[in-house]
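Report on the structure given below.
The values are calculated or read from the model by the stated rules, or taken from the named source; none is laboratory data. Remember, it's a predicted structure, so these values are computed and weren't measured experimentally. Every residue, glycine among them, receives a Cβ derived from its backbone with ideal geometry; neighbour counts consider all protein chains shown. When the accessible area is computed, the model is the full protein with side chains, heavy atoms only, and any ligands, DNA or RNA have been set aside. Shrake-Rupley method; radii C 1.70, N 1.55, O 1.52, S 1.80 Å.
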Amino acid sequence: MAAGLIGWDVGGAHVKAARLEGGRLTRVIQLPCTLWLGVEHLDRALDEALGRMGAADAHAVTMTGELVDLFPHRAEGVRRLTDLLARRLGSLRIWAGVMGFLPPERARNEPRAVASANWLASIAWAARRVPEGLFADMGSTTTDLVPFARGESRHRGVTDAERLAESELVYTGAVRTPLMAVAQSVPFRGRPQAVMAEYFATIADAHRVRGALPEGLDLHETADRRGKSMDESAARLARMVGCDLGDASAAEWRLLADAFARRQLEQLVQAAQRVLSHADVSAPAPLIGAGAGRFLLRDLAAALGRPYRDFAELIEGPADAREAAAISAPAAAVALLAASSA
């Protein structure tokens with residue numbers, strides 16, 4: 001028999017699902033989904049997710065997939081995704097940020113509230129469990145930086161455009177970010193080295209060469225569609241500075257990877273400092289870290305002089321489910337919020 005509730009975060013590159021039973025998360029999964037290539041890719045991801053998660057009495061969804069260029073504009077993306085999800089999932093509520101959960105027939109007509117509101121679900125849950133802090137969710141592509149205090153988010157931006165302008169949305173992630181977007185120049189072999197503006201490598205290559213990227217988080221093809229070994233990753237790094245793998249030692253490629261990682265951390269520090277400069281958040285308040293890039297968010301907390309707390313600490317359930325929930329925070333959050341509002 002069907003039972004429980006499943007929370008979904010339907011993105012343009014991944015589908016994440018979190019199963020809740022008796023108020024506790026029991027399973028959380030993340031699957032690759034190249035939605036920009038066609039909605040049939042989402043159908044296939046849903047087939048696999050439902051096969052692994054099982055049937056459920058109810059579903060709660062948040063989405064960012066409306067952003068992909070498959071759709072002419074976000075309103076069309078919200079409508080088409082809402083219709084597809086209603087057809088596939090049955091009993092369904094759509095997260096619409098400050099409007100709460102909406103039935104599909106209403107959600108399809110509220111694209112501004114529904115589009116890219118997954119961060120509001122995560123912050124709503126975090127603010128219930130921690131008095132104040134800076135919530136940071138670094139996924140494969142972007143990073144959310146949202147202050148909160150006294151049970152409420154203190155964000156300034158709501159739309160993607162507003163959040164980008166406020167540095168509350170930073171387009172750098174732990175996996176998919178092209179290295180040409182991380183730095184235009186890096187130190188290499190004792191001198192500043194220009195970086196090629198070509199899609200030769202991603203930040204995943206740098207973090208892999210550093211030995212920092214956790215297993216199972218890089219679910220998409222590499223820039224050259226070759227493998228993800230240390231040498232193959234270093235070869236892609238080498239191309240970014242006009243070299244081949246054999247032109248430098250493994251230690252030198254590691255130093256180059258470290259340089260790219262430092263540039264990425266500097267971007268996040270600058271954005272977080274700006275966000276905190278106007279937030280009513282005390283100095284000892286922690287950074288709450290979520291997402292695939294939590295290994296970097298610990299460094300961000302240290303750079304900001306704040307304690308680090310993991311999103312997994314805010315979740316009840318088996319250790320493996322809590323760990324997975326920290327990677328897929330919006331999916332877990334909409335499940336928990338939907339259950340508490342039922």
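Annotations for the structure displayed:
- Using Cβ point charges alone (K and R +1, D and E -1), the dipole size of the chain about the Cα centre works out to roughly 380 debye.
- Modelled spin labels at His41 and Arg112, positioned 7 Å past Cα toward Cβ, are 3.0 nm from each other.
- Solvent-accessible area of the chain (1.4 angstrom probe, protein heavy atoms only): carbon and sulfur portion equals 50 percent.
- Rounded FRET efficiency, nearest 0.05, which uses the C-beta distance separating Asp247 from Glu152 and R0 of 41 Å: 0.15
- In this structure the chain gives 41 Å² per residue of accessible area when probed at 1.4 Å with all protein chains present.
- Counting heavy atoms of the protein chains alone, Asp69 has an accessible area of about 130 Å² for a 1.4 Å probe.
- Remark: accessible surface ordering of Glu221, Glu316, Glu110 (largest first) is Glu221, Glu316, Glu110, probe radius 1.4 Å.
- Put a dot 7 Å past the Cα of Glu162, heading toward its Cβ, do the same for Leu31, and the two dots end up 3.4 nm apart.
- Each peptide in 320-326, 161-167, 210-216 receives the mean, over its residues, of other Cβ atoms within 10 Å, and ordering these scores from highest gives 320-326, 161-167, 210-216.
- Averaging the Cα positions of each part gives two centres, and for segment 183-260 and segment 11-44 these lie 29 Å apart.
- Extension gain for the segment Glu105 to Arg24, taken as residue separation times 0.36 nm less the Cα-Cα distance, is 26.3 nm to one decimal.
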